[in-house]
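FYI, it's all coordinate maths here, none of it is from the lab. As the structure is a computational prediction, the values presented were derived from the model and not from experiment. No Cβ is skipped: glycine too gets one built from the backbone with ideal geometry, and neighbour counts run over all protein chains shown.
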Amino acid sequence: MVVARFEDTLNYLYNHLPMFQRIGRAAFKADLHNTLALCHYLGNPQNKFPAVHVAGTNGKGSCSHMLAAILQSAGYRVGLYTSPHLKSFTERIRINGQEADQQWIIEWVAALKPFIEQIKPSFFELTVAMAFDYFAQNQVDIAVIEVGLGGRLDSTNVITPVLSLITNISYDHQAILGDTLPQIAFEKAGIIKHRIPVVISEKQAEVTAVFQQKAANEQAPIMFASDYYRADAIGDGWFDIYKNNSLIMPCVKCQLLGDYQAKNLAGVIQAIECLQAQGWQIDNSAIRKGIAEVSTLTGLKGRWQIIRHQPLVICDTAHNEGGISLIVRQIARTPHQKLHFVLGTVADKPLEKILTLLPTDAIYYFCKPDLPRGLSAESLAQQARQYGLNGAVHGSVAQAYEAALAAATPKDMVFVGGSTFVVAEIADL
């Protein structure tokens with residue numbers, strides 16, 4: 001009975017509220033008015049727990065999950081809000097890895113329906129308020145809150161955290177965030193709050209001044225993690241972590257196998273050091289455990305995730321220039337004979353910079369993720385051919401995936417990516 005009623009509740013949310021993941025820019029509300037109204041109506045739950053706020057172009061999901069896993073390993077009751085979800089709506093809201101209770105969501109939406117009809121929030125605005133209320137009612141010790149889009153005008157930006165973390169800046173969502181890296185960084189820097197410490201994972205010359213200026217304006221202590229910390233990938237998800245060029249944590253196992261996690265680990269370790277300085281009790285064993293068991297503890301999926309062997313099948317949610325460039329490098333370092341690439345994307349993303357990065361010696365399986373924003377497989381194939389990327393068009397992600405599996409030999413690699421929403425449709429995940 002709960003399952004049927006939960007489906008009715010989800011149908012209401014999906015069909016009555018504008019949803020960015022489905023329709024794109026039209027769902028983005030460029031102010032915090034509705035979120036503030038919802039929070040006020042709920043008694044301002046966002047002020048009832050400490051939080052770490054995480055923004056950035058690439059890596060914010062991985063960093064959010066690693067921080068939550070480390071805090072959980074240190075014995076804290078940890079809320080985790082992330083988006084979008086891959087398989088189920090309840091992935092967005094977790095406490096100590098447990099997804100939000102369906103019955104609670106049913107009752108919460110039913111109770112709020114008159115107010116929802118009155119102010120007509122977006123899907124994201126409502127889910128952010130839902131997460132805050134869930135964490136407050138369940139009395140979490142701390143929550144890790146991932147920004148949805150940008151930062152300055154993102155619905156999550158109604159919190160005053162104990163720490164902010166900004167992972168890295170790359171080109172993504174230019175139609176909303178701006179066409180230059182400094183413009184994008186300005187939007188991400190919007191989460192920097194008055195006198196609240198902020199960690200920037202990676203010092204990037206083009207945007208350093210943007211963060212420094214915003215931090216100065218807010219009198220916020222600012223740390224560039226890459227000035228102090230370095231994580232070196234030593235293979236198969238193992239990393240050596242250095243501080244000031246001295247090895248401080250040798251052979252740290254990370255359950256997230258992408259070599260690109262090296263960039264994220266520096267920011268995560270610096271963020272934990274800041275929390276320790278505030279009095280949070282987090283020892284090295286909790287850090288190691290959280291990193292080693294991040295997917296198990298928090299349910300994270302789709303980050304260089306191996307889902308089969310012989311052929312080797314890997315999926316990754318990277319979907320912009322910065323993320324794809326790192327993925328392509330790791331594909332090249334991974335032993336395989338032929339590469340079979342299941343590729344799909346959304347229509348509102350400039351493809352030129354992504355397509356130029358992809359290997360021309362792969363066989364491509366073009367597909368469209370099943371949402372209105374999805375780019376047609378035919379259009380994707382047509383554009384890809386201009387960059388020497390060749391393959392067949394398939395009617396769905398599932399059909400493309402099955403075709404790749406059927407064509408691959410045991411020593412080949414099948415890679416699934418181009419969009420979070422393509423990865424989400426893989427049944428094996």
Only one of ALA136, ALA143, ALA68, ALA129 is touching a residue at least 60 places away in the same chain (Cβ under 8 Å), over 30 Å from GLY322 (Cα atoms) and surrounded by 24 or more Cβ atoms within 10 Å (Cβ to Cβ); which?
-> ALA129
Filtered residues of region 62-84 (kept if over 9 Å from the mean Cα position of the chain (by Cα) and within 16 Å of ASN157 (Cβ to Cβ)) = TYR81
What do you reckon, is ALA406 of a type outside the set (Lys, Arg), touching a residue at least 40 places away in the same chain (Cβ under 8 Å) and part of a helix (DSSP H, G or I)?
-> no
Residues that are under 18 Å from ASP154 (Cβ atoms) and in a helix (DSSP H, G or I), drawn from region 41-61 | PRO45, GLN46, ASN47, LYS60, GLY61
Give me a count of the residues in region 244-294 that are surrounded by fewer than 21 Cβ atoms within 10 Å (Cβ to Cβ) and hydroxyl-bearing (Ser, Thr, Tyr).
-> 2
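Which residues, counting only those in region 392-403, are closer than 14 Å to LYS368 by Cβ and small (Gly, Ala, Ser)? Walk me through it before giving the result.
Step one: of region 392-403, the residues closer than 14 Å to LYS368 by Cβ are 392-401.
Selection gives ALA392, GLY395, SER396, ALA398, ALA400.
In region 183-210, what residues are of a type outside the set (A, V, I, L, M), within 21 Å of the chain's Cα centre (by Cα) and farther than 22 Å from GLY258 by Cα?
Matches in region 183-210: GLN183, PHE186, GLU187, LYS188, GLY190.
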Residue check: is ILE169 farther than 20 Å from LEU326 by Cβ, surrounded by 17 or more Cβ atoms within 10 Å (Cβ to Cβ) and not small (Gly, Ala, Ser)?
-> no
Note on region 65-102: residues in contact with a Phe, Trp or Tyr (Cβ under 8 Å, 6 or more places away or on another chain) and polar (S, T, N, Q) are SER83, GLN102
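With respect to LEU371, determine if the residue is more than 20 Å from GLY59 (Cβ to Cβ), without any contact (Cβ under 8 Å) to a residue 60 or more places away in the chain and either among the aliphatic types (A, V, I, L, M) or touching a helix residue (DSSP H, G or I) at 6+ places or on another chain (Cβ under 9 Å) (or both). Outline the logic, then answer.
On the way: more than 20 Å from GLY59 (Cβ to Cβ): yes; without any contact (Cβ under 8 Å) to a residue 60 or more places away in the chain: no; either among the aliphatic types (A, V, I, L, M) or touching a helix residue (DSSP H, G or I) at 6+ places or on another chain (Cβ under 9 Å) (or both): yes.
Spelling it out, it is not the case that LEU371 is more than 20 Å from GLY59 (Cβ to Cβ), without any contact (Cβ under 8 Å) to a residue 60 or more places away in the chain and either among the aliphatic types (A, V, I, L, M) or touching a helix residue (DSSP H, G or I) at 6+ places or on another chain (Cβ under 9 Å) (or both).
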